[in-house]
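Structure record follows, encoded as structure tokens.
The values are calculated or read from the model by the stated rules, or taken from the named source; none is laboratory data. All values derive from a computational prediction rather than experimental measurement. Because the Cβ atoms are built from the backbone with ideal geometry, glycine has one as well, and the counts that use them run over all protein chains shown.
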Amino acid sequence: MARTRLKLLMLAVILPALAICWRLWSFQLHPATHQEYKIRAESAQLRTLQPLRGSILDRRGDVLAESRSGFDIHFVYSDLNPRHIVIEVVCEELDRIGDFPSAAEMEAGLAGNFDIEKLESLLRQGIPFKPEWVPLATWIPPAAAERIRLRLGPRRYFRDNFELRVMEDKPLEVHQAHFGLWFRPAEVFRMELTLRRLSQNIDRYDAEGLMERLQLSLQKIEAMVARDIQSDIQSGADALFTRKKERNSRRIFYRRGHLLAPDISLDSVSRIEYNPDLFPGIRIVDSSRRIYPHGEVFGALTGHLRQLNNRDLKILEESGRLLDRYPKVSSAEAFAVLRQEALRPNDVVGEGGLEEQYDLSLRGEYGMRLQQVGKNGRGGKLLASLSSTRGNDIHTTIDSKLQELLYRQLWAECAHHGHAAASAALMEIPSGAILASTAYPGYDPNRIRDANYHKEMNASLGSQTSDWLLDRPRSKALYPGSIFKIVTAIAALENGADWEGAVDPLRKYECRVGERKPFSMRCSSRYGHGHLNLYEAFEASCNNYFYYLAARHLDAGNFNQWARKLGCGDLTGIDLPTMGGSYDRGFLKNPEDVKGEKALCMYGIGQVQVQMTPLQALRMVGAVAAGLKTAPRPWLVKKKTPDKIYTRNSRTAAIVQECMKRVVSGPHGTVHGKFGLEDFNFAAKTGTAQYKSNNSRYHSWMVGYGPLPDPSIAFVVVCEKSRLGGGDACSPIVRELMEYLAGGDPRFLANQESSFNSSRETGAGR
């Protein structure tokens with residue numbers, strides 16, 4: 001006995017000594033300052049306060065996109081409806097021992113045995129529901145009951161609302177103990193009860209509608225779980241490991257908050273928060289709603305918002321700009337650096353258009369609240385507080401009324417003539433400010449996050465126009481057709497002096513019916529145009545004349561040189577995000593790959609060798625309107641410096657301008673007599689590009705500028721996959737445009753025109 005006491009005494013002395021030695025050793029290896037000990041004793045929690053996003057405005061201050069404060073209802077599935085988990089575990093264990101009902105059958109049996117409306121009315125009256133306990137499963141062997149208890153026992157919800165009772169029965173006259181699982185329906189069915197209470201406080205939803213949204217969220221949860229474990233299944237992971245991971249993933253997703261009802265009123269919020277016990281699992285979340293008043297009219301231009309994806313989160317985490325909900329920091333200054341660029345996992349960012357281009361400016365600056373948190377997890381002293389700062393508004397050059405007019409007209413023409421799509425854009429000359437840029441079909445950014453919206457759009461448009469999310473004026477590269485004859489004419493006039501037989505705009509060339517040797521090409525005219533000069537060929541858009549220019553006076557290098565000077569084959573520089581590849585740059589074939597006279601001829605009329613976006617075509621015609629001195633760079637918010645153009649012949653610009661003027665006013669012009677466009681004072685060029693060989697559909701173009709002689713506006717209109725030529729397809733749209741412009745500037749009317757000097761033509765060719 002004495003020896004035992006001595007051992008205990010020695011142990012009592014040795015253990016504290018060892019502890020002291022270990023502590024001294026840790027001090028030697030891990031020296032710490034007083035400040036570090038203070039931080040360890042008291043950690044700090046950082047709660048971020050979301051800022052309100054800035055607005056996007058047009059040139060008059062009209063709203064194109066704005067954010068409004070609001071409230072959303074979120075639910076935590078594990079709190080709101082955990083009976084699914086209980087039933088799943090019970091059925092899983094019962095399945096091991098015999099033929100028992102599935103989880104779905106048991107769930108259906110539960111719902112069918114109770115009148116939820118009656119239950120709700122009894123609870124309102126304070127009458128207890130009878131019977132208080134109802135059997136769920138009445139034949140559970142002891143082993144299965146024990147496994148159920150071990151798996152579900154830690155859950156408070158299970159302990160409070162389910163009960164495993166010992167029961168006795170004599171099947172086949174053999175006394176055998178077994179268990180029954182009983183539950184309280186008033187608690188188990190609280191999901192349905194909660195949704196009914198919510199429907200009474202939210203006018204826009206009934207109980208069935210909320211239940212449907214709840215089930216959709218559950219399906220998404222299960223889909224996320226499936227995606228989460230798919231990689232392990234494909235890699236041949238251990239079945240037990242995969243099953244455990246699936247269970248953990250499901251638990252994680254069940255515990256997350258999921259959107260149930262967005263943008264609820266303040267009155268509903270007050271009623272719900274006043275009685276939180278009546279709405280278990282329900283959370284009121286502050287939110288801001290992004291509103292796009294014009295819908296499809298500005299969809300691609302403004303862009304929309306999207307939630308951060310896993311790739312975004314990885315990049316932000318690597319760059320140190322990702323904030324958790326409660327990140328730990330040691331000082332108030334630590335978060336001040338992050339307040340502008342930092343993002344949280346559930347944040348939204350701009351996607352496409354102005355929302356993406358100016359996301360950082362629009363986003364604003366996060367507010368933050370830094371507070372001490374003790375070991376018990378309770379909040380302590382407020383260390384620092386910084387209110388959120390609303391994002392900056394951005395003022396664009398857009399005329400929203402003009403854009404509305406253009407969009408309606410594009411829609412009407414596509415519906416009437418069966419064009420697959422149509423685009424239009426306007427630009428101020430010489431500044432490059434964009435007045436309008438729209439396309440049909442567009443998309444409604446208010447509905448872009450709705451999966452049903454995508455299905456509706458794809459079903460209504462079909463496969464012919466599957467790229468309805470694309471910003472067509474900026475990123476839809478097409479064969480330009482005859483509008484590229486502007487480049488051909490300029491290149492020939494600028495390079496002709498170095499060739500045998502200089503290009504004279506007054507020299508006649510014969511356009512005959514059928515193929516023209518040696519080019520083996522034919523004109524678009526069924527009867528031929530006869531003998532014509534550059535002005536007449538441009539007016540009638542004679543292909544044979546431009547075959548002659550391309551094959552006899554130019555090469556691929558000349559084409560590429562002037563095409564790039566005028567904006568083709570390069571980014572326009574507009575302050576919008578680029579898509580990469582040929583989407584924004586268009587396409588110019590390498591000069592080395594353009595071989596033979598036939599290839600040069602196709603280059604001369606804007607087929608095969610070249611593709612342009614509508615904004616590139618707008619820049620090209622803007623350069624002509626500016627007298628070939630500069631090529632304007634389009635812009636929406638921040639002004640761009642135009643590129644200078646150096647011409648050797650001072651008369652080149654005057655010649656091309658006169659050519660484009662004749663397209664409208666000349667008796668054989670491709671626009672003359674179309675919807676009365678000769679009544680307006682502008683210059684233009686049409687184009688009809690065959691987008692597939694042996695096909696009866698075309699990309700129909702019209703570019704132009706006005707009023708003459710001092711143009712202030714350049715425009716482009718294109719109808720995709722049309723059955724009409726450029727003049728017929730685009731003229732109704734241009735007519736509406738001219739009427740709008742003439743309302744603000746009478747100079748667009750032909751009778752207000754200061755006519756060109758007729759001697760320009762004769763002087764230009766000499």
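Among residues of region 202-222 being closer than 18 Å to residue 271 by Cα and assigned to a helix (DSSP H, G or I), the one that is farthest from the chain's Cα centre (by Cα) is 207.
Restricting attention to region 593-607, does a residue exist that is surrounded by fewer than 21 Cβ atoms within 10 Å (Cβ to Cβ), under 30 Å from residue 302 (Cα atoms), modelled with pLDDT under 95 and among the basic types (Lys, Arg)? No, region 593-607 has no match at all. The number of residues in region 710-740 being within 19 Å of residue 626 (Cα to Cα) and either in a helix (DSSP H, G or I) or at pLDDT below 90 (or both) comes to 0.
Answer yes if at least one residue in region 640-652 is at positive phi and assigned to a loop (DSSP other than H, G, I, E, B), and no otherwise. Among the residues of region 640-652, not one is at positive phi and assigned to a loop (DSSP other than H, G, I, E, B), which makes the answer no.
Of everything in region 479-499 that is in contact with a helix residue (DSSP H, G or I) (Cβ under 9 Å, 6 or more places away or on another chain) and surrounded by fewer than 24 Cβ atoms within 10 Å (Cβ to Cβ), the residue that is modelled with the highest pLDDT is 494. Residues considered: 662, 633, 648, 697. Of these, the only one that is out of contact with any helix residue (DSSP H, G or I) (no Cβ under 9 Å at 6 or more places or on another chain) and either assigned by TED's automatic domain parsing to the domain that holds residue 495 or among the charged types (D, E, K, R) (or both) is 697. Residues in region 276-310 that are touching a strand residue (DSSP E or B) at 6+ places or on another chain (Cβ under 9 Å) and acidic (Asp, Glu): 286, 296.
Conditions tested, residue by residue: (1) of a type in the set (A, V, I, L, M, F, W, C); (2) farther than 29 Å from residue 647 by Cα.
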{"position": "421", "(1), (2)": "yes, yes"}
{"position": "442", "(1), (2)": "no, yes"}
{"position": "473", "(1), (2)": "no, no"}
{"position": "493", "(1), (2)": "yes, no"}
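Among the listed residues 475, 466, 431, identify the single one that is out of contact with any Asp or Glu (no Cβ under 8 Å at 6 or more places or on another chain) and either at pLDDT below 90 or buried (at least 19 other Cβ atoms within 10 Å of the Cβ) (or both).
When all the criteria are applied, what remains is 466.
Selection over region 440-462 of residues that are under 16 Å from the mean Cα position of the chain (by Cα) and in contact (Cβ under 8 Å) with a residue 12 or more places away in the chain gives a count of 9. Screening residue 579 against (1) under 26 Å from residue 652 (Cβ atoms); (2) in a loop (DSSP other than H, G, I, E, B) leaves a single unmet condition, (1).
When residue 692 is tested against (1) touching a residue at least 24 places away in the same chain (Cβ under 8 Å); (2) more than 27 Å from residue 627 (Cβ to Cβ); (3) outside any strand (DSSP E or B), only condition (1) is not met.
In summary, residue 700 fulfils each of the numbered conditions (1) in a helix (DSSP H, G or I); (2) within 15 Å of residue 481 (Cα to Cα) with the single exception of condition (1). On the given criteria, is residue 408 modelled with pLDDT of 90 or more, outside any strand (DSSP E or B) and either within 30 Å of residue 605 (Cα to Cα) or in contact with a Ser or Thr (Cβ under 7 Å, 6 or more places away or on another chain) (or both)? Spelling it out, it is not the case that residue 408 is modelled with pLDDT of 90 or more, outside any strand (DSSP E or B) and either within 30 Å of residue 605 (Cα to Cα) or in contact with a Ser or Thr (Cβ under 7 Å, 6 or more places away or on another chain) (or both). For region 404-428, filtering for residues that are within 22 Å of residue 626 (Cβ to Cβ) and buried (at least 23 other Cβ atoms within 10 Å of the Cβ) leaves 4.
Number of residues in region 680-708 that are closer than 27 Å to residue 745 by Cα and at pLDDT below 90 equals 0. With a requirement of 3 or more residues that are at pLDDT 60 or above, the helices (runs of 4 or more DSSP H) lying completely within region 62-164 that satisfy it span 77-80, 83-94, 103-112, 142-152, 156-161.
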